[in-house]
Amino acid sequence: MLSDLEALSHCAASIFVGVSRNSIATKKRFVVAISGGSTPRRFYTLLGSETYRDQVDWQHVHFFWVDERCVPEEHEESNFRTAFDTLLSKIPIPDENIHRIRGGEDPDRAARDYEEEIKKFFGVSESPIFDLIILGTGEDGHTASLFPGSKSLDEKMRLAIPVYLEESRRNRITLTLPVLNNADQILFLVTGPSKASVLSEILGEREKRKLLPAGLINPLRGSMIWLIDQGAAGKLRGLRSH
Ligand code: 6PG
């Protein structure tokens, strides 16, 4: 458990540096899929700052997105824009290493195009293995753009799909559970007391956990790290601080 968002963001940046070095040393590339939302903004900003920027070999880093809101890329809700403003515009990364989801296009087409991009990058016959996937969770237990009760949770064949959110009447594009669970390393970032209840369910009893998309994240071959701050940990028992 970390004291606050600042400590958690530094910890996430150190993990990013370590996993990127390890991947580049062994595979000559580091492939990461990142989330949007507010929690990772400070982490992305730190990574692009003087403190961490020079510790990563950006020429060999490839960015994909866990999900995207169906808005043009200059829109303030765009996950691409969040990453661009906080990180991508601050680092020496080749354009061809940025594999974004075209949120401004027709959702079906954008999901198909993104899937093609992933297949082309990893090779069509292989199921993609991301070196690192950054995830968050909402107060309802959603992760990526996989929401409780949605049929998108049953998707087994597609890598990326469009989802329609009744509540906001908005479309999003998301990676599917089989892709997320195939990662080498998953890093969850959860902060603030508003997430305390759902976090205790996600990390709690198996039966309850299964009802929440974030509780269905269970890497098949890799490992998972939860970075949680004091506020979010408020309803968990038996945790040690770091
Ligand atoms: C998004 C996400 C989403 C996010 C959670 C947590 O595009 O919104 O990728 O799954 O990680 O909603 O969001 P916050 O960090 O804003 O709480």
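Among the candidates Arg81, Arg112, which residue alone is outside any loop (DSSP other than H, G, I, E, B), surrounded by 13 or more Cβ atoms within 10 Å (Cβ to Cβ) and within 12 Å of the ligand (Cβ to nearest atom)?
Checking each option against the conditions leaves just Arg81.
Taking the condition more than 28 Å from His99 (Cβ to Cβ) and surrounded by 22 or more Cβ atoms within 10 Å (Cβ to Cβ), does Ala232 pass?
When the stated conditions are applied, Ala232 passes them.
How about region 4-35: which of its residues are loosely packed, with under 15 Cβ neighbours inside 10 Å and outside any helix (DSSP H, G or I)?
Result: Asp4, Lys28.
Are any residues in region 182-209 away from the ligand (no atom under 12 Å from the Cβ), hydrophobic (A, V, I, L, M, F, W, C) and outside any loop (DSSP other than H, G, I, E, B), and if so, which ones?
Ile186, Ala196, Ile202
Residue by residue through region 138-167, note down the ones that are of a type in the set (Asp, Glu) and within 15 Å of the ligand (Cβ to nearest atom).
Correct list: Glu139, Asp140, Glu167.
Return a yes/no flag: does region 49-62 have any residue that is small (Gly, Ala, Ser), assigned to a loop (DSSP other than H, G, I, E, B), out of contact with any His (no Cβ under 7 Å at 6 or more places or on another chain) and near the ligand (Cβ under 10 Å from one of its atoms).
no
Ser38 fails exactly one of the following numbered conditions: (1) in a helix (DSSP H, G or I); (2) of a type outside the set (Phe, Trp, Tyr); (3) surrounded by fewer than 16 Cβ atoms within 10 Å (Cβ to Cβ). What is the number of that condition?
Among (1) in a helix (DSSP H, G or I); (2) of a type outside the set (Phe, Trp, Tyr); (3) surrounded by fewer than 16 Cβ atoms within 10 Å (Cβ to Cβ), Ser38 violates only (1).
What residue, among those in region 210-239 that are small (Gly, Ala, Ser) and not in a helix (DSSP H, G or I), is farthest from Val198 (Cα to Cα)?
Among them, the one singled out is Gly222.
Among the residues of region 122-137, is there at least one that is farther than 18 Å from Phe80 by Cβ, surrounded by fewer than 20 Cβ atoms within 10 Å (Cβ to Cβ) and within 16 Å of the ligand (Cβ to nearest atom)?
No: zero hits.
Throughout, read-outs are computed from the coordinates displayed, never taken from laboratory work. The structure displayed is predicted, hence computed values, not measured ones. Cβ coordinates were reconstructed from backbone atoms using ideal geometry, including for glycine residues, and neighbour counts include every protein chain displayed.
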